Structure formats: structure tokens, C-alpha cells
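Scroll down for the structure; my scribbles are underneath it.
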Amino acid sequence: GCRDWALRFQVSAALREGRVTPTELCQRCLSLIKSTKFLNAYITVAEETALKQAEESEKRYRNGQPLGALDGIPVAVKDNFNTAGIETTCASNMLKGYISPYNATVVQKLLDQGAVLLGKTNLDEFAMGSGSTDGVFGPVRNPWSYSRQYKEKSIPESHSKDEESNWVITGGSSGGSAAAVSSFTCFAALGSDTGGSTRNPAAHCGVVGLKPTYGLISRHGLIPLVNSMDVPGILTRCVDDAAVLLGSLAGHDPRDSTTIQDDFKPFELPSLTDVSKLSIGIPKEYDAPGLSSEIVALWSKAADLFRNAGAKVMEVSLPHTCYSIVCYHVLCTAEVASNMARFDGLEYGHRSAMNKSTESMYAATRREGFNDVVRGRILSGNYFLLKQNYENYFIKAQKVRRLIANDFVKVFRSGVDILLTPTTLSDAATYVEFIQEDNRTRSVQDDLLTQAVNMAGLPAINVPTALSERGLPVGLQFIGRSFQEKQLLTVAKWFEKQVKFPVIQLEEVKRHDLQDQKSASFS
């Protein structure tokens, strides 16, 4: 069946050979979005424009002139990327009803290559969070909650009420995009990654999540959270697809001064047969407090996999890792405070009816428009930026950030090619359990293993590795040298092939077109 096709080979080939038309593909995805509506993965579904785009694509195929591998491929985009003519909300009351006059560069690039934009995906408000539970449109449900694998493992409850409270979160903040890819409603999706927001939900939803090197993909039109760390992220069902997307998105953008100056040459990923020349580093600091024993076991199993295949595997040290989360918190909130100043009720977005004075209108607009999490981060950030605190917090954090980046430089200079770490501390929590803690506590735990890479600007990828004892996905993270995406993805592809991560078996959505795939080597 076409739902489990990898984009790069099967779908593109099927479209070229006319075995399926772009319109059929689009309609299939749209009907799946409807039947999986309970996942709450999408905020806006752009049915009409998607079908129009599919029709245009169909004409090109009929004339034998498709625009490339992405022509006619259904994709979804996180709702913090601007899309002309389609609402962009950031899952906040502040931007409900906001329609951008322009497309983000990455969205434009997808459309220019014939991709079909199905809609905008759910997230934590303004991408601040690690559960995709804090947006105004409600939480996203992890498709694996409804998989045979999870249901067989979870204790059967007699009451339907308990069944209802058994569902697990997607992780965040790009949970909608991860759920969309994982539940087969699209073939690829864009997320954003500031401290792990693409890799974290990818790990929990059993998909590939790539955070590219800072500056490789344009941020123009991505509503900023932390300008110095944000990167658009790529979510797909296999590593090859991530490479295809990277090839179509990367490169210089005159509208984003932080992008690389050179053009990016798209690459085909080679199939590695020999890993004996590889040197894999295992950073000992990533064996962090709170890391589940299950994940520790998988991590060392993965290291053995490389070792047994002839790679050189060594323990390395990134000594400043323990300071990174605190440093990240200071820098993140400071930049958030500065970025959020633009939402004042004057130019666009929500405006309060309070009209005693301009000041009171500002205050009321922000009180009504932002949730507690966003307001809390603005307050902390402004505190760190106060004249009397600036040296002690902001400047100090900048210095620590440099030390953290240097740790990585030293390790890579010592001859290590790729670092292997866990992506998350454990598998996905149930929603009921997740909301016991506040957003800040959760983010500190969940960003632990992912945010240092953002501060250093390095590329990293989550690769789905195995199912936990609860029948939920667990992923591992590979970290590469700056701008060495090709090497990083090649190693990730080799690993993906070895672990044979099982295909999700969705019970709710009747999926008779999927043959069972047994998981090998990582049982």
C-alpha cells in the first residue's frame, strides 16, 4: 500500500510511472487527516489549495515534466512558519486569525518544487515546550497510543474511561509535525528546533528528525523564538527522505543574513558497507541523571553494533555539558523577551479592547494573547537583561556557551567523526502524567540531551531505534561536525538499516495495506 512508501524511491517512482496521481495521493492524505482528527496534529487543513496544487502537479506529470523528487508529494508545515493565504497561529491567541502576506523561504522552496501543502501542524504556544500540550488548540496525541504495539503492552482496563486516559504525548514543540508523519497523513513535515523541538517529538513518535547546522537552512519567515539557535527541522519516515528534503531546502537566502554564502549541492546518500574507518564518540556526560535504564541499555547496544561492525568506538568527554541547560535557559529567555516585544497589538495579531491608554492596551493585549509559559519566559528574560543583571547572567551565559561549543570542537578535532547519544531520557509519558509537572520543569528535563547542539550550532539527527517495554518508540541521537550533513546522514542511514525499526500498526485507522515488518537485531 502507498502509506508506508518511502518518499524518495517508491512514491516518486509511482508518480512518474502514473501508478498513482498527485490528486489521488493528496485525497488519500486528506481523508487520513480526517480519520485521525482525534490526534489533533493539524491546526489548519488547507484542503482547497492542496487539491489545486495537486492538480497543477498532475498536469506537469502528464506533460512528462515534473519539477523533481518532491513534485506532487504531500507535506505539512509547523504552524510557526509563515504561509501566504493560510493562517499562521503559533498555537496562540495572540495570532489567531493572522494570515501572513508572504511565505517563509522553506515553504516557498517546497512549493517551487511542486510539493503539496496539506496544512499547518500543532505545537506548544510559540514553540515553547516539550510536549505539544500547551497550545491554545489543545494537546497533540501520539499516534503510537493507538498502535497495536502499545495496546498489547498496556494493562487492559475494563473502563473505557481509563482507555481514554492512556494516551501518550508526542513530545515537542513540533509534536503536530511528528504525529502527522508518524500517522501517514503526509510524507514529510517541517518542524523547528531551538533546543530539541524537532528531535524530541521525532524520538517519541518513531520518525527521523533532522536538526541541520545553524545557517544551512533559511530562517526567514520562521517566527523567531531564539534567533541564535533556531533552525528549521525536517521530519520524515526514513533517513533518505530527510536527505531529499535537506537538498531542496538548504543554501543561501539573501533574506536571512545568517545563512551560508555558498549554494548547497544536494547529495544522494551512499549505502555504507564498511564502517571500519569511522570513529564514534560516546560522550560520558550524556549518561545523565534521570536517563532510563532501558535507554542506557539501547545506547550501549548501539555502540556495540558499531564496534562489532569494525568502527572505532570511544568514550569522550564534553566537560561543560552540566552547565549547558542553565546557560540555555538564560540565553533562551533573554532572546524570547526581545523577540516577543513585536506582539504589541498595534501592527498585527490580537488587540485588546482595553483603550484607556496605549500602555494599558499593550499590557492587556499581552495578558490576553500569551499563555503563562510565554509570559513567564518573557519575565525571566527581561530580568536577566536588566542593567544590574546583564553582566552576571547574560554575558556569563554567552561565555559558557562558547565553552560548550569549544568542547565539541575539541572532540571533533581529536579525530571523532560522529557522536552517539540518547535523544530523550525515557519513552513518551502519558498526558495525564506529563501535565503533573509545569512546562519549565519539563523543558529542563526534556531539552537536557538536545539543547547543547543548538548552542554549538551543530547538525544532529534522531533515528528511531527500538520499541520500549511499553511498546513505544525510543530514538538515539547522532551529532555531526558543522556542515557535515552528508557524513551524519550516511552514518544514520547505516544505523537505520541495521536496527530495522518496526512499522507502526495503527488499529483505529483500518490499515489492511500494511504487511507486518519484524524488528531485527534490536528486539
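The values are calculated or read from the model by the stated rules, or taken from the named source; none is laboratory data. Everything quoted here is computed from the prediction, not taken from an experiment. Glycine gets a Cβ as well: all are built from the backbone with ideal geometry, and neighbour counts include every protein chain shown. With ligands, DNA and RNA removed, areas are computed over all heavy atoms of the protein, side chains included. Shrake-Rupley method; radii C 1.70, N 1.55, O 1.52, S 1.80 Å.
Can you name the residue in the range 337-374 that is open to solvent by 70 Å² or more (accessible area, probe 1.4 Å) and not in a helix (DSSP H, G or I) and, of all such residues, is farthest from residue 91 (Cα to Cα)? Steps first, answer last, please.
Keep residues of the range 337-374 that are open to solvent by 70 Å² or more (accessible area, probe 1.4 Å), which gives 338, 342, 346-348, 351, 353-356, 358-359, 362, 367-368, 372.
Subset that is not in a helix (DSSP H, G or I): 346-348, 351, 353-356.
On the way: 346: 20, 347: 19, 348: 15, 351: 16, 353: 21, 354: 23, 355: 26, 356: 28 Å.
Looking at the filtered set, the residue picked out is 356.
Consider residue 391 carefully, then state whether it is open to solvent by 60 Å² or more (accessible area, probe 1.4 Å) and in contact with a helix residue (DSSP H, G or I) (Cβ under 7 Å, 6 or more places away or on another chain).
No.
Within the range 441-470, work out how many residues are open to solvent by 30 Å² or more (accessible area, probe 1.4 Å), over 19 Å from the mean Cα position of the chain (by Cα) and not hydrophobic (A, V, I, L, M, F, W, C).
Total satisfying the criteria: 3.
Return the residues of the range 185-218 that are among the small types (Gly, Ala, Ser), open to solvent by less than 10 Å² (accessible area, probe 1.4 Å) and either touching a Phe, Trp or Tyr at 6+ places or on another chain (Cβ under 7 Å) or modelled with pLDDT under 95 (or both); say none if nothing qualifies.
195, the sole residue that qualifies.
So the check is Cβ under 9 Å with 6+ separation or different chains; which pairs have a first residue in the range 56-69 that's closer than 13 Å to residue 14 by Cβ and at pLDDT 95 or above and a second one that's in a helix (DSSP H, G or I) and among the aromatic types (Phe, Trp, Tyr)?
Hits for this filter: zero, empty list.
Residue 170: within 21 Å of residue 505 (Cβ to Cβ), touching a residue at least 12 places away in the same chain (Cβ under 8 Å), β-branched (Val, Ile, Thr) and crowded, with 24+ Cβ neighbours inside 10 Å, yes or no?
yes
Quick one: is residue 191 touching a residue at least 24 places away in the same chain (Cβ under 8 Å), at positive phi and touching a strand residue (DSSP E or B) at 6+ places or on another chain (Cβ under 9 Å)? Give the steps one after another, and end with the answer.
On the way: touching a residue at least 24 places away in the same chain (Cβ under 8 Å): yes; at positive phi: no; touching a strand residue (DSSP E or B) at 6+ places or on another chain (Cβ under 9 Å): yes.
Judged against the criteria, residue 191 is not a match.
Please go through (1) within 25 Å of residue 444 (Cβ to Cβ); (2) over 24 Å from the mean Cα position of the chain (by Cα) for residue 334 and return the number of the only condition it doesn't satisfy.
The number of the failed condition is (2).
Mind checking whether some residue in the range 146-156 is farther than 20 Å from residue 471 by Cβ, modelled with pLDDT under 95 and surrounded by fewer than 16 Cβ atoms within 10 Å (Cβ to Cβ)?
no
If I ask for residues that are under 23 Å from residue 217 (Cα atoms) and either out of contact with any Lys or Arg (no Cβ under 6 Å at 6 or more places or on another chain) or hydrophobic (A, V, I, L, M, F, W, C) (or both), which ones from the range 454-475 would you list?
Listed by number, the residues that qualify are 454, 455, 456, 457, 458, 459, 460, 461, 463.
Within the range 224-232, is even one residue open to solvent by less than 10 Å² (accessible area, probe 1.4 Å), under 10 Å from the mean Cα position of the chain (by Cα) and farther than 14 Å from residue 81 by Cα?
No, the range 224-232 contains no residue that is open to solvent by less than 10 Å² (accessible area, probe 1.4 Å), under 10 Å from the mean Cα position of the chain (by Cα) and farther than 14 Å from residue 81 by Cα.
Would you mind stating whether residue 33 is within 23 Å of residue 142 (Cα to Cα), open to solvent by 10 Å² or more (accessible area, probe 1.4 Å) and not in a helix (DSSP H, G or I)?
Values: within 23 Å of residue 142 (Cα to Cα): yes; open to solvent by 10 Å² or more (accessible area, probe 1.4 Å): yes; not in a helix (DSSP H, G or I): no.
No: the conditions fail for residue 33.
From the set of residues in the range 267-316 that are small (Gly, Ala, Ser) and part of a helix (DSSP H, G or I), which is most open to solvent (accessible area, probe 1.4 Å)?
Once the filter is applied, the top-ranked residue is 293.
Residue 79 passes all but one of (1) in contact with a Lys or Arg (Cβ under 6 Å, 6 or more places away or on another chain); (2) open to solvent by 10 Å² or more (accessible area, probe 1.4 Å); which number fails?
Condition not satisfied by residue 79: (2).
For the range 394-440, give me the residue count where each residue is more than 20 Å from residue 327 (Cβ to Cβ) and open to solvent by 40 Å² or more (accessible area, probe 1.4 Å).
10
Restricting to the range 107-133, count the residues that are under 23 Å from residue 15 (Cα atoms) and of a type outside the set (D, E, K, R).
Matching residues across the range 107-133 total 11.
Assuming residue 145 fulfils every condition listed in (1) touching a residue at least 24 places away in the same chain (Cβ under 8 Å); (2) closer than 22 Å to residue 30 by Cα apart from one, which condition is it?
(1)
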